[in-house]
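Computed from the coordinates by the stated procedures, all read-outs in this text should not be read as laboratory data. If you're wondering where the values come from, they're calculated on a predicted model, not measured in any experiment.
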Amino acid sequence: MAMHIKTLLAAIMAGTMLVTGACQNSQAASGQDQEKAGHQESTRKASVVGESTQEESVLRESTQEASVQEETTQSKPDKEKISFDDSWEYASYSKIHSGKCWLYHAEESVAKGVTVCVNAGHGTEGGDSFKTQCHPDGSAKIVSGSTSAGQTMSAAIAEGMTFPDGTSEAEATLSLALLVKDRLLDAGYDVLMIRRKDDVQLDNIARTLMANHYADCHIALHYDSTESDKGAFYMSVPNVSSYRKMEPVKSWWKEHHKLGDAVIKGLKKKKVSIFGDGTMAMDLTQTSYSTVPSIDLEVGDAGSDISENEQKIIAAGILKGLNIYFKDKDKASGR
């Protein structure tokens with residue numbers, strides 16, 4: 001009987017242990033399930049957070065790109081106003097420089113990254129009442145023009161001549177300059193426009209220095225004072241040793257001639273009448289102070305046709321000549 005009770009108690013205790021173990025196993029399994037579920041939830045949340053962070057990162061990048069594009073657009077407007085700077089080399093030689101000029105930018109899709117200064121000759125009220133030094137070294141003028149040879153001072157900027165119909169040279173050069181500007185912009189050139197209205201308070205030295213600092217070349221537009229309709233030409237640098245040895249002429253006169261020759265070639269291709277070989281030697285204020293390729297282009301004279309149609313042909317010829325000049329320049333540099 002005692003053995004039977006002991007056996008029964010042992011069985012009960014074994015059962016209790018089995019139940020307890022089962023409960024513990026069940027609780028462990030439940031804990032593992034909860035832990036697994038918790039891990040899955042954490043993973044899901046991390047994934048959601050990751051996706052959210054990724055979306056925010058993409059959004060930030062898009063915003064930054066838009067900001068950069070906006071800054072790029074803002075940093076290069078269609079046009080910008082340019083002022084004279086008293087710190088420039090030769091700036092102290094200028095007497096009239098309160099005026100502003102405008103730098104126009106070509107559309108980015110066609111932009112060449114080249115700036116042409118288009119200088120409509122004359123058009124500075126009171127310009128001939130001031131005198132400026134003909135040459136930066138103070139030497140006398142070599143060839144007579146509007147200022148006689150031997151003079152060391154000349155009008156800061158002359159008034160210009162008048163056509164038989166009463167049109168001033170300043171009016172004719174301005175209408176041509178506006179046509180040239182439009183042709184150049186369409187072709188991808190940026191344009192530094194010295195004068196875009198009847199008057200700008202910038203003398204010849206100031207205009208030249210503007211071109212020196214903001215353009216890759218400088219073309220001043222003029223009509224000669226003769227009345228024979230003799231054709232177009234540019235003012236070349238006189239073959240006088242002392243003048244060609246004077247800086248900045250020494251460093252630039254050959255490039256002035258390359259530019260002039262190319263423009264004359266372009267005008268010829270558009271059937272514009274050319275005077276002689278297309279050159280006339282003259283020690284101008286413009287080329288005496290130029291540190292970029294620079295020409296005074298006489299597109300005709302007082303006897304020439306100054307109609308819009310004729311000026312459009314001249315503008316097309318100037319564009320053709322510039323294309324020739326910069327193509328040749330690129331070839332020479334190996335580009």
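Only Cα sites of the stretch 228-274 enter the Debye sum here, all with the same form factor; the resulting log10 I(q)/I(0) across q = 0.15 1/Å is -0.48, listed in q order.
Computed 3J(HN,Hα) for the stretch 233-250, one whole-Hz value per residue from the Karplus formula 6.51 cos²θ - 1.76 cosθ + 1.60 where θ = phi - 60°, is 6, 10, 7, 7, 7, x, 7, 10, 3, 4, 6, 6, 8, 7, 7, x, 4, 3, glycine and proline marked x. Debye-formula intensities of the stretch 78-332, expressed as log10 I(q)/I(0) at q = 0.10, 0.13, 0.14 Å⁻¹, are -0.43, -0.75, -0.89 (one equal scatterer per alpha-carbon, no solvent).
Under 5 Å from the amide H of MET153 lie the amide H atoms of CYS134, each residue being 5 or more positions distant or on a separate chain, with H modelled from the backbone and absent for Pro and chain starts. Gap in Å between the Cα centre of the stretch 200-279 and the Cα centre of the stretch 306-335? If we compute the Cα centre of each part, the gap is 14 Å.
Overall shape of the stretch 97-180 was characterised from the C-alpha gyration tensor. The equivalent ellipsoid obtained from it has semi-axes of 29, 19, 12 Å, in decreasing order. 3J(HN,Hα) along the stretch 187-193: 8, x, 7, 6, 10, 8, 9 Hz, from the Karplus curve 6.51 cos²θ - 1.76 cosθ + 1.60 with θ = phi - 60°, whole Hz, x for Gly and Pro. Proximity of backbone amide H atoms, modeled 1.01 Å from N, is registered between ASP216 and THR115, VAL116, CYS117 at under 5 Å, excluding neighbours fewer than 5 places apart on the same chain.
In this structure the amide hydrogen of THR226, modeled in the peptide plane, comes within under 5 Å of the amide hydrogens of ALA302, none closer than 5 places in sequence on its chain.
Taking only C-alpha pairs under 8 Å that are 6+ residues apart, what is the relative contact order of the stretch 78-332 in percent? List each step's numbers first, then the result.
Working: 579 pairs, mean separation 61.2, N = 255.
The value is 24 percent.
For the residue pairs LYS141/LYS245; LYS141/LYS197; LYS265/LYS331; LYS112/LYS320, alpha carbon separations beyond 19 Å are given by LYS141/LYS197.
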